[in-house]
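Taken together, the values in this text are just the output of simple stated rules run on the coordinates, not laboratory data. Here the structure is a predicted model, which is why all the values come from computation and not from measurement. Neighbour counts run over all protein chains shown; Cβ positions are idealised from the backbone, glycine included.
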Amino acid sequence: MKKIIHALIFPLVMASGLLFANCEIKNETPKKPIPKTLSERKAELKKWKATPDGIKYKNWEVSPRGKKVLASTAKISKSVSTFTNMEAVVTSLTLPPGSRLGFGVMVRINDEDYILRFEPEKSQLQQLHSLKVNDQIILKSHSVSHAPKYSYPIVSGDYVQRDSKVIYRRVPRKGGC
């Protein structure tokens, strides 16, 4: 009789142990990176500004070339932040020599030159390759950036329309942003 009771209790103990262990694992909170506070970010920025790259960037910001790029960025910042239409003219189908931005073209918006950069899917390349110099386009963007390497601000193209036809719409990345 004892053998039968032990034979019945042993699997019951094992099953309850597995269930208990499984519950413990589920109750653990996933470890997410703790966002840095504003003071921590400011301290890191201050450290970076003291590095050779930070000093180079500061010198570029106060140079005539840097001031021109920052002023051009400011001209379209409202349209970028509100994601409104911007009229542009394609000025070149190639990017400046030595650029590593992927696929893009040079455009003129409000009498200023910009690099218009795309992250196209293979299916969208043919439509983008149909662009020609002096084409009038309407574009929308969520971001504009700059880098000391380039003499122009870099506009990330999210939406481009030519002759009332959409020729490019950025495809959102899978699994998030």
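Sorted fewest first by neighbouring Cβ atoms within 10 angstrom, 139, 116, 125 come out as 125, 139, 116.
For residue 146, what residues show an amide H to amide H distance below 5 Å, using hydrogens built from the backbone and excluding near sequence neighbours? HN-HN under 5 Å from residue 146: 154.
Our analysis of the range 52-169 gives Rg over Rh at 0.98, with the two radii drawn from alpha carbon positions and Rh computed by the Kirkwood formula.
If the viscosity is 1.567 mPa s and the temperature 4 °C, what Stokes-Einstein diffusion coefficient in µm²/s follows for the range 85-128 when Rh is the Kirkwood radius over Cα pairs? Estimated via Stokes-Einstein, D reaches 115 µm²/s. Over the range 52-169, Cα pairs under 8 Å with separation of 6+ residues give a relative contact order of 27 percent.
All other residues whose Cβ lies under 14 angstrom from that of residue 54 are scored, Lys and Arg at +1 and Asp and Glu at -1, for a net of +3.
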